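These notes are about the structure you will find just below.
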Amino acid sequence: LRLLPQQRYLRAERAEVSALERKRNVLCCLITRILKVEKQLHIDNLVFRVIDACQKGQLGPGLQFLSFCCHSVDVLSCVLHLLNQGYLRRQEERPHVLEY
């Protein structure tokens, strides 16, 4: 029985974190791109469009051949992140509608 050095585990964890960060960055860019075109969109429609684009591999210039699985929780997490950063905002009279 041979144990792997701890450094390999650290590298694996770093790789996983890096992959999650790349996924979040791609989703945030996709959300922003969709809302730039639409100007405002119901949050349910936005989630559907992002998931659909991920499944079809239509992520934007330079990422056409990249497709990955994303869930509504991933998209909503990125929406909250963008709201907190000030890139998106909610309409006061209709909080379920997002604006860029």
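Every read-out reported here was derived from the displayed coordinates using simple, explicitly stated rules and does not represent laboratory data. Everything quoted here is computed from the prediction, not taken from an experiment. Heads up, the Cβs are rebuilt from the backbone with ideal geometry, glycines too, and the neighbour counts pull from every protein chain shown.
A few remarks follow.
- Hits among aspartates and glutamates - C-alpha to C-alpha of Lys36 under 14 Å, sequence gap 8 or more where chains match: Glu99
- On the beta carbon distance between Glu99 and Glu21, with R0 = 41 Å, the FRET formula returns roughly 0.95.
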